[in-house]
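Only one structure is covered here, and it is reproduced in the block below.
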Amino acid sequence: MGDTLLKIEGLNKSFGITHANVNVNLELGRGEIRGLAGENGSGKSTLLSQIAGIYRSDSGKMILNGEEYAPHSPIEANSRKIAMVVQELGMVGSLPASVNIYLGKTKFFISMKELQQEADRVSERWELPKLNLKRMAGSMNIENRKMVELIRALAVDPDVLILDEVTQSLSHDNREIIYKLIRKLKSENRSVILISHDLEETIHITDTISILRDGELLETVKSSELSEDDLKRKMVGRELNGEYYRTDFEEQYEDEVVFSMRHVSTASGIKDVSLKLHKGEILAFCGLSDSGIHDIGQIAYGLLPTTEGEVWLETDHIQITKATESLKHRMAYVPKDRDGEAMMMKSTIMNNFVLPSIEEKAGKAGFLNYGVLKKMADENRKAFFLKCTGINQNVNGLSGGNKQKVNLGRWLAKDLSILIVDCPTRGVDVGVKAYIYQCLREAKKKGIGILMITDELSEAMGMADHIMVMKNGELKKTIKRSSHFKEEEIIEVMV
């Protein structure tokens, strides 16, 4: 690491009565990879947003390359060679990916061909996968959209690249691409600031880690001197007691089959997939970005049509062909992209909590009782330990972990037979992760069959009774739960 590239002195930022950052001091060296760690709501994303020009600081100052730095917008930050990839997706879905990359960066009209060529040049320069950037951004899957956002950030030739929960959206192969990119940036004496709730990953890829709690920067430590347990303890200010993953080492579920797929194929590339889900079983799916694992959840809930085969809810003896049938028959689906596909981001916590239960809460005449819905939402707020100002707060004002509590909790409040969760702990801190795993364990004890799709191998190994490994749309291997689970065994099949 070289001399100081960015210096932050006494930075403060509040939102109403909430002090998101309190007198933060930080120095980033040239060529340094800096991690930010802390629980959801500790102020990490707010700090990065001020550096990237998304928020203006209330007080304090920043110095970049020896000169005062106070960006009024991300475009101004880009002009000073600072770029950020935000946690949630931030593109205009109705525009081509190539236009999204250069939106706000061009001062004159250029052709679509030139945009594509320039974007391809950036991808090649940083050894990123080549994508069809003529496609509308909204038609891309979450991983490709995240890669487009990365290309957009790299297009400014940044001296400081900020990554806010980027890897949590990506599968194993694309995470390796990010790690390679970070090493390349470091080799060119450029700096990276990143947030990742994968603590093992954070320790592995960073030089130093700054720890925030309640908006304050507590300390900055060398990554090489930390263990995961050390970092957890520093983040939360206490020992994390209780179970994290499951503590048993064999599959445990009932004999009754509650859900099945029979030789299912789709136009999206799924080929002849069959499975049986038992009552009280957690069945996990793992695979690379193009393996098709995320299609499985959509197929199971009736959101993605099959070209061959059948999907059956065995408990009710019905074939699932559309999502309305799944909802009526006690099935729940928690998608990977909670902001884009799951929740009403500009609506209240209450509205999001009660939406899946509207039909069953309606009276005989079909009218909704506001008092009943309000009581239900408030009970859920308490039951899921939601950090918020109240049930009338909009969901888009919550931290990632609290958003996910609403996203998952609104389904767990119902009487379910099947729960489908796609990357259930994406973008949440270690404390919320532990809580979500507790919720899944309790759902399993109630006899709910759980289909869990995950990009985190440790999550699958820690929670599943069986792991189904997919590659190129096909089911390649099923691995039973045991004390001898090894990531290498799964990766060998995936790649």
Which one of 238, 233, 262, 246 is modelled with pLDDT of 90 or more and of a type outside the set (S, T, N, Q)?
-> 262
Of residues in the range 188-204 being over 11 Å from residue 34 (Cβ atoms) and open to solvent by less than 70 Å² (accessible area, probe 1.4 Å), the one modelled with the lowest pLDDT | 197
Extreme residue, farthest from residue 439 (Cα to Cα), among residues of the range 252-269 that are in contact with a Ser or Thr (Cβ under 7 Å, 6 or more places away or on another chain) and open to solvent by 40 Å² or more (accessible area, probe 1.4 Å) = 267
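Check the range 30-41 and report whether any residue there is farther than 12 Å from residue 193 by Cα and at pLDDT 90 or above.
Within the range 30-41 (the criterion being farther than 12 Å from residue 193 by Cα and at pLDDT 90 or above), the answer is no, since none of the residues qualifies.
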Determine whether residue 68 is at pLDDT 90 or above, surrounded by 20 or more Cβ atoms within 10 Å (Cβ to Cβ) and of a type outside the set (Phe, Trp, Tyr).
-> no
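Can you work out which of the residues in the range 291-307 that are more than 18 Å from residue 456 (Cβ to Cβ) and under 20 Å from the mean Cα position of the chain (by Cα) is least open to solvent (accessible area, probe 1.4 Å)?
295
Name the single residue that is nearest to residue 103 (Cα to Cα) among those in the range 150-174 being of a type in the set (D, E, K, R) and surrounded by fewer than 22 Cβ atoms within 10 Å (Cβ to Cβ). Break it down stepwise before answering.
So the first thing to find is which residues in the range 150-174 are of a type in the set (D, E, K, R), and the list is 152, 157, 159, 164-165, 173.
Those left that are additionally surrounded by fewer than 22 Cβ atoms within 10 Å (Cβ to Cβ): 157, 159, 173.
Numbers: 157: 16, 159: 20, 173: 28 Å.
Ranking the candidates gives 157 first.
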When you go through (1) of a type in the set (A, V, I, L, M); (2) assigned to a helix (DSSP H, G or I); (3) within 28 Å of residue 295 (Cα to Cα) one by one for residue 372, which number turns out not to apply?
-> (3)
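Condition check: under 23 Å from residue 158 (Cβ atoms), surrounded by fewer than 19 Cβ atoms within 10 Å (Cβ to Cβ), touching a strand residue (DSSP E or B) at 6+ places or on another chain (Cβ under 8 Å) and at pLDDT below 90. Does residue 2 satisfy that? Before you say what the answer is, go through the steps one by one.
Working: under 23 Å from residue 158 (Cβ atoms): yes; surrounded by fewer than 19 Cβ atoms within 10 Å (Cβ to Cβ): yes; touching a strand residue (DSSP E or B) at 6+ places or on another chain (Cβ under 8 Å): yes; at pLDDT below 90: yes.
Considered against the rule, which asks whether it is under 23 Å from residue 158 (Cβ atoms), surrounded by fewer than 19 Cβ atoms within 10 Å (Cβ to Cβ), touching a strand residue (DSSP E or B) at 6+ places or on another chain (Cβ under 8 Å) and at pLDDT below 90, residue 2 comes out as yes.
Residues checked against (1) of a type in the set (S, T, N, Q); (2) farther than 23 Å from residue 198 by Cβ; (3) in contact (Cβ under 8 Å) with a residue 40 or more places away in the chain; (4) in contact with a Phe, Trp or Tyr (Cβ under 6 Å, 6 or more places away or on another chain):
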position	(1), (2), (3), (4)
376	no, yes, no, no
381	no, yes, no, no
387	no, no, yes, no
407	yes, no, yes, no
421	no, no, yes, no
424	no, no, yes, no
427	no, no, yes, no
432	no, no, yes, no
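In the set 369, 402, 392, which member is modelled with pLDDT of 85 or more, more than 25 Å from residue 457 (Cβ to Cβ) and surrounded by fewer than 16 Cβ atoms within 10 Å (Cβ to Cβ)? Before the answer, list the steps.
Working: 369 fails: modelled with pLDDT of 85 or more; 402 fails: surrounded by fewer than 16 Cβ atoms within 10 Å (Cβ to Cβ).
Matching residue, one of 369, 402, 392: 392.
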Quick one: residue 449 ticks every box in (1) in contact with a Phe, Trp or Tyr (Cβ under 7 Å, 6 or more places away or on another chain); (2) at pLDDT 95 or above; (3) under 30 Å from residue 195 (Cβ atoms) bar one, so which box is it?
-> (3)
Go through (1) among the acidic types (Asp, Glu); (2) open to solvent by 30 Å² or more (accessible area, probe 1.4 Å); (3) touching a residue at least 12 places away in the same chain (Cβ under 8 Å) and name the single condition residue 229 misses.
-> (3)
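Give the number of residues within the range 46-58 that are out of contact with any helix residue (DSSP H, G or I) (no Cβ under 8 Å at 6 or more places or on another chain) and open to solvent by less than 50 Å² (accessible area, probe 1.4 Å). Break it down into steps so the answer makes sense when it comes.
Residues of the range 46-58 that are out of contact with any helix residue (DSSP H, G or I) (no Cβ under 8 Å at 6 or more places or on another chain), as a first pass: 46-50, 58.
Next, only the ones that are open to solvent by less than 50 Å² (accessible area, probe 1.4 Å) stay: 46-50.
Residues flagged as out of contact with any helix residue (DSSP H, G or I) (no Cβ under 8 Å at 6 or more places or on another chain) and open to solvent by less than 50 Å² (accessible area, probe 1.4 Å) within the range 46-58 amount to 5.
Condition first: touching a Phe, Trp or Tyr at 6+ places or on another chain (Cβ under 8 Å), assigned to a loop (DSSP other than H, G, I, E, B) and polar (S, T, N, Q). Can you find one or more residues in the range 314-324 that meet it? Spell out how you get there, then give the answer.
Going residue by residue through the range 314-324, those that are touching a Phe, Trp or Tyr at 6+ places or on another chain (Cβ under 8 Å) are 314-315, 318-320, 323.
Those left that are additionally assigned to a loop (DSSP other than H, G, I, E, B): 314-315, 320.
Filter once more, so that each one left must be polar (S, T, N, Q): 315.
Checking the range 314-324: at least one residue is touching a Phe, Trp or Tyr at 6+ places or on another chain (Cβ under 8 Å), assigned to a loop (DSSP other than H, G, I, E, B) and polar (S, T, N, Q).
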Test set (1) out of contact with any Leu (no Cβ under 9 Å at 6 or more places or on another chain); (2) part of a loop (DSSP other than H, G, I, E, B); (3) surrounded by fewer than 22 Cβ atoms within 10 Å (Cβ to Cβ); (4) touching a residue at least 40 places away in the same chain (Cβ under 8 Å) - residue 344 fails condition number = (1)
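Restricting to the range 270-290, what's the tally of residues that are in contact (Cβ under 8 Å) with a residue 24 or more places away in the chain and open to solvent by 30 Å² or more (accessible area, probe 1.4 Å)? Before the answer, list the steps.
Filtering the range 270-290 for residues in contact (Cβ under 8 Å) with a residue 24 or more places away in the chain gives 270-275, 277-290.
Okay, now just the ones that are also open to solvent by 30 Å² or more (accessible area, probe 1.4 Å), so 271-272, 274, 278-279, 289-290.
Adding up the residues that qualify gives 7.
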Under 7 Å between Cβ atoms, at least 6 apart or on separate chains: pull out the pairs that start in the range 441-468 with a residue that is without any contact (Cβ under 8 Å) to a residue 24 or more places away in the chain and end on any residue that is crowded, with 24+ Cβ neighbours inside 10 Å and assigned to a strand (DSSP E or B).
-> none
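For the range 121-157, what are the residues that are part of a helix (DSSP H, G or I), closer than 27 Å to residue 268 by Cβ and charged (D, E, K, R)?
Initially, the range 121-157 is screened for residues part of a helix (DSSP H, G or I), giving 121-125, 137-139, 142-154.
Next cut, closer than 27 Å to residue 268 by Cβ only: 123, 137-139, 142-152.
Answer for the range 121-157, where residues must be part of a helix (DSSP H, G or I), closer than 27 Å to residue 268 by Cβ and charged (D, E, K, R): 143, 145, 146, 149, 152.
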Here the residues within the range 12-42 that are on the phi > 0 side of the Ramachandran plot and surrounded by fewer than 23 Cβ atoms within 10 Å (Cβ to Cβ) are 16, 23, 31, 41
Which of the residues that make up the range 271-294 are part of a strand (DSSP E or B) and more than 15 Å from residue 452 (Cα to Cα)?
-> 273, 274
Filtering the range 444-466 for residues that are more than 16 Å from residue 297 (Cβ to Cβ), touching a helix residue (DSSP H, G or I) at 6+ places or on another chain (Cβ under 7 Å) and open to solvent by less than 10 Å² (accessible area, probe 1.4 Å) leaves a count of 0
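The values are calculated or read from the model by the stated rules, or taken from the named source; none is laboratory data. The shown structure was predicted, so the numbers you read here are calculated from the model rather than taken from an experiment. Cβ coordinates were reconstructed from backbone atoms using ideal geometry, including for glycine residues, and neighbour counts include every protein chain displayed. Note: areas computed on protein heavy atoms with side chains; ligands, DNA, RNA excluded. Shrake-Rupley method; radii C 1.70, N 1.55, O 1.52, S 1.80 Å.
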